[in-house]
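The values are calculated or read from the model by the stated rules, or taken from the named source; none is laboratory data. All figures in this text were calculated on a predicted structure; none of them were measured in a lab. Every residue, glycine as well, gets a Cβ built from its backbone with ideal geometry; the counts of neighbours run over all protein chains shown. All accessible areas refer to the heavy atoms of the entire protein, side chains included, with ligands and DNA or RNA removed. Shrake-Rupley method; radii C 1.70, N 1.55, O 1.52, S 1.80 Å.
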Amino acid sequence: QVQLVESGGGLAQVGGSLRLSCATSGGTFSRLLMGWFRRAPGKEREFVAAINRPGFTRYVDSVKGRFTISRDNAVNTVYLQMNSLKPEDTAIYYCAADDRFLTTSTASEYDYWGQGTQVTVSS
C-alpha cells in the first residue's frame with residue numbers, strides 16, 4: 001500500500017513562490033506515476049501536473065511556464081515548484097500516485113492519494 005504525505009503549503013503573495021513536496025512510502029517509488037491535483041473552493045478537483053517513471057511531464061494549460069513537477073527517486077519524493085502564483089491558484093493540493101506508465105490527467109486513474117495541503121495566494 002502506497003502512502004503519500006504532502007507538505008509545503010501555506011500562504012504566499014501574488015507573484016510569489018511555494019514548493020510542495022510529497023513523500024511516499026510503501027511502494028517502489030521509481031516505478032510510480034506521480035501527479036498533483038487541486039481543489040479550489042466551490043470547484044471540482046482539477047489536474048495540475050504529472051511525471052512518469054522516465055521523467056516525462058504533463059501540465060494543465062493554466063500552470064504551464066509557472067509550475068514545475070520533478071521527482072527525486074533517491075528520497076522517494078515528488079515536488080511541485082510553483083512560481084508567479086496567482087489568486088486562482090488558491091486550493092487544496094493533493095498528491096496522487098499510480099503504477100501505470102503513461103501520464104494521465106484523469107483522477108480516477110490514480111490509485112493512491114495524500115491528504116492534501118492548503119495553498120492560499122493573497123493579494
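So, counting K/R as plus one and D/E as minus one, what does the shell of residues with Cβ under 13 Å around THR104 add up to? Kindly include the intermediate steps, with their values, before the conclusion.
Working: positive: ARG58, ARG100; negative: ASP98, ASP99, GLU109, ASP111.
Here the charged neighbours net out to -2.
Among GLY27, GLY65, GLY42, whose mean-square fluctuation peaks in a Gaussian network model of the chain (Cα, cutoff 10 Å)?
Comparing GLY27, GLY65, GLY42 in a Gaussian network model of the chain, the most mobile one is GLY42.
Taking loop as defined by DSSP and a crowding limit of 12 other beta carbons within 10 Å, which chymotrypsin sites (Phe, Trp or Tyr not before Pro) in the stretch 30-123 fit?
Those that pass, being in a loop and sparsely packed, are PHE56, PHE101.
Which percent, nearest 5, of DSSP beta bridges in the chain are antiparallel?
90
Taking the Cβ of ALA23 as the centre, find all other residues whose Cβ is under 15 Å away and add up their charges (Lys, Arg: +1; Asp, Glu: -1).
With Lys, Arg at +1 and Asp, Glu at -1, the net is 0.
Residue by residue, what Karplus-based ³J(HN,Hα) values in Hz, rounded to whole numbers, does the stretch 78-90 have, using 6.51, -1.76 and 1.60 with θ = phi - 60° and x for Gly and Pro?
10, 10, 10, 7, 10, 10, 6, 5, 10, x, 6, 7, 4
Ignoring ligands, DNA and RNA, please state the percent of accessible area on the stretch 10-111 from carbon and sulfur, probe 1.4 Å.
Carbon plus sulfur share of accessible area: 47 percent.
Taking the chain as a Gaussian network, where each spring joins two C-alpha atoms under 10 Å apart, which residue of THR57, THR28, THR103 fluctuates the most?
For the chain, modelled as a Gaussian network with Cα springs under 10 Å, the answer is THR28.
The chain: longest stretch without exposed trypsin sites (Lys or Arg not before Pro) (DSSP loop, at most 15 other Cβ within 10 Å), sites themselves excluded?
Between the exposed loop sites, the longest stretch runs 1-42.
Per residue, how many Å² of accessible area does the chain show with a 1.4 Å probe?
Heavy-atom SASA per residue in the chain reads 51 Å².
Nearest 20 debye, what's the magnitude of the dipole of the stretch 32-123 about its Cα centre given +1 on Lys and Arg Cβ and -1 on Asp and Glu Cβ?
Value, rounded to 20: 200 debye.
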